[in-house]
Amino acid sequence: MLDRLRLDSARIEAMAAAVDQVAELGDPVGQIIDETLRPNGMVLRRVRVPIGLIGIIYESRPNVTADAAALCVRSGNAALLRGGSEAARSNRAIHTALVEGLVEGGVPAEVVQLMPTQDRAAVGAMLAAGGLIDMIVPRGGKSLVARVQADARVPVLAHLDGINHTYIDRCADPAMARDIALNAKMRRTGICGAMETLLVDAQFSDPHGLVAPLLEAGCELRGDARACAIDPRIKPAEASDWDTEYLDAVLSVAVVDGLDGALAHIARHASGHTDAIVTDDDAAAARFLSEVDSAIVIHNASSQFADGGEFGLGAEIGIATGRLHARGPVALEGLTTYKWLVLGSGQIRP
C-alpha cells in the first residue's frame, strides 16, 4: 500500500506524461469499426460512441485519479471518482489540477467529479445507481472488487486477482529465463502484473541458477517437493499458496512435467490475468499462447509488461479479466461501445 501511495517527483512526472500520451492518441469517438454494403444497397456501419458516465471506485492508487480522468475525457465520457481515504488529500490535489486544465481547455469542470466524502455509503450509492452511472470500474484489493461485483446494479468491468504464472520450458535459454523470472517478480512486487507462481519444467537444464537470484534478492520461495529439492532455502508450500496473490516478495514454485503439466497447473490456479512462457521452442510457445485462457499471454518477456502504457495505450483504467466487452488493459477503446448506422436510399422491407 505504501508503494502504491508514494508520490515522488518521478511518479508525478510519470502521471503527467501519461496524460500527455492519452491526449496524443487518436479520438475513438466516431471511429468506423467496419462497414458493409448489403445486396439491397443499404450501407451498414458500426461506429464507436462513448459509454456515458463511468464510476471509478479505487483505493491507495492516486495515479488512478489522473489516468481515469484523462481516459474518460478523451473517450467522450464523464467520470465520477471515488478514491480511498488513505489517499484523499492526494486525490483532491490531482483532481484540482485536472479541473483547472479542463476549464482552461474549454471543457466543463463537471465532466470529472471527485466524490466529496469518504463515507462508505457513497460506494453503495454508486453501486445502486443504475440508470445514472453506466459502468463501474473498481481498482483495489480483492475485498473491494468482490464487494463491487456482488452488490452492483450497474455493469462492472473488473478483475479480482492477478495470480500470474511464468513457465520456464525445457527449451528456455537459462540466462533469459533467469532475467525474466527475476524481473517478473522483483521489479515491483505490489502490482497486478507481478508473477506469483514460477513453473519449472522438470527437464530444464539449470533450475538452481533460476531460483538462486530470486532468493538472493530477498524473495521467499515456497515450493512443492521437487522445487524444495532444488535449494534447501525453499520452504514447503501449502495448498493455499497456489491460489494466493502475494503482492509481496513471496513466490510459489512448482516443478512440472513439461508443457502439459504447466498448462494443467495454470488451468487449475490462474486468475485469467497474465501468464507467460519462456522457451526457444516455437511450437511450444504457439501452443501456450493458444491454450492459456488469460487476458494477456506472453512469450519470452516479463509479466510486468501487463500495463496499458507499455501496450502503447497511453494509460489504462484497469486490466479486465472477464470475457465480455473489453479484456486486458482497458484504455480508450474499452471505454467506448458502438452503435449501428444504417444508410438507405428508400429501401423498404418486402
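Structure notes:
- Computing P(r) over Cα pairs in 10 Å bins from 0, in percent for the structure here picks out one of (1) 5, 23, 28, 22, 15, 6, 1, 0; (2) 5, 26, 35, 23, 9, 2, 0; (3) 5, 17, 17, 10, 5, 5, 6, 9, 11, 9, 5, 2, 0, 0, namely (1).
- Each DSSP beta bridge with both residues in the chain is either parallel or antiparallel, and the antiparallel ones are about 30%.
- DSSP-assigned coil residues among trypsin sites (Lys or Arg not before Pro) in segment 71-160, each with at most 15 further Cβ atoms within 10 Å: Arg120, Arg153
- If you sort the three axes of the alpha carbon gyration tensor as a ≥ b ≥ c, you get a/c of 1.5 or more for segment 280-322 and a/b no higher than b/c, which makes it oblate.
- Local electrostatic count at Arg82 - Lys and Arg +1, Asp and Glu -1, tallied over other residues with Cβ under 11 Å: 0
- Of the residues Leu221, Leu324, Leu102, the one that moves most in a GNM of the chain with alpha-carbon contacts below 10 Å is Leu324.
- Classification of segment 164-246 by its C-alpha gyration tensor yields a rounded form. The axis ratio a/c (a ≥ b ≥ c) stays under 1.5.
- Helix 142-151 vs. the chain, principal-axis angle (Cα, 0 to 90°, nearest 10): 40 degrees
- The angle between the Cα long axis of helix 88-104 and the longest principal axis of the Cα atoms of the chain comes to about 40 degrees, rounded to the nearest 10.
- Residues considered: Pro62, Pro213, Pro39. Largest GNM mean-square fluctuation over the chain, using C-alpha springs under 10 Å, is found at Pro39.
- Between Ser271, Leu144, Gln113, the Cα set farthest toward the positive side of the dipole of the chain (charges on each charged residue's Cβ, about the Cα centre) is that of Gln113.
- Computed log₁₀ I(q)/I(0) - Debye formula, equal Cα scatterers, no solvent, segment 163-311, q 0.19, 0.21 Å⁻¹: -1.10, -1.41
- Placing +1 on the Cβ of every Lys and Arg and -1 on the Cβ of every Asp and Glu, with nothing else charged, gives the chain a dipole about its Cα centre of roughly 1300 debye.
- Cα-based reach from Lys235 at 13 Å (exclusive), listing aspartates and glutamates while leaving out same-chain residues under 8 positions away: Glu220, Asp224
- On Cα atoms only, tilt of 174-186 relative to the major axis of the chain in degrees: 60 degrees
- Partners of Lys142 within straight-line reach, counting aspartates and glutamates whose Cα lies under 18 Å from its Cα and excluding those fewer than 8 residues away in the same chain: Asp3, Glu59, Glu86, Asp151, Asp161, Glu196, Asp241, Asp243, Glu245, Asp248.
- FRET efficiency estimate (nearest 0.05) - Cβ-Cβ, Ser240 to Leu324, R0 30 angstrom: 0.55
- Positive-end residue of Ser303, Tyr338, Ala262, charge dipole of the chain with Cβ unit charges: Tyr338
- HN-Hα J in Hz across segment 108-120 - Karplus 6.51, -1.76, 1.60, θ = phi - 60°, x for Gly and Pro: x, 4, 5, 4, 10, 10, 10, 3, x, 10, 9, 4, 4
- In order along segment 286-303, the Karplus-derived 3J(HN,Hα) couplings, from 6.51 cos²θ - 1.76 cosθ + 1.60 at θ = phi - 60°, round to 4, 5, 4, 4, 7, 9, 6, 9, 10, 5, 10, 10, 10, 10, 6, 7, 6, 5 Hz, and Gly and Pro are given as x.
Coordinate-derived values only; no laboratory data. Since the structure is predicted, the reported quantities are computational estimates derived from the model, not experimental observations. Here the Cβ is made from the backbone with ideal geometry for all residues, glycine too, and neighbour counts use every protein chain on show.
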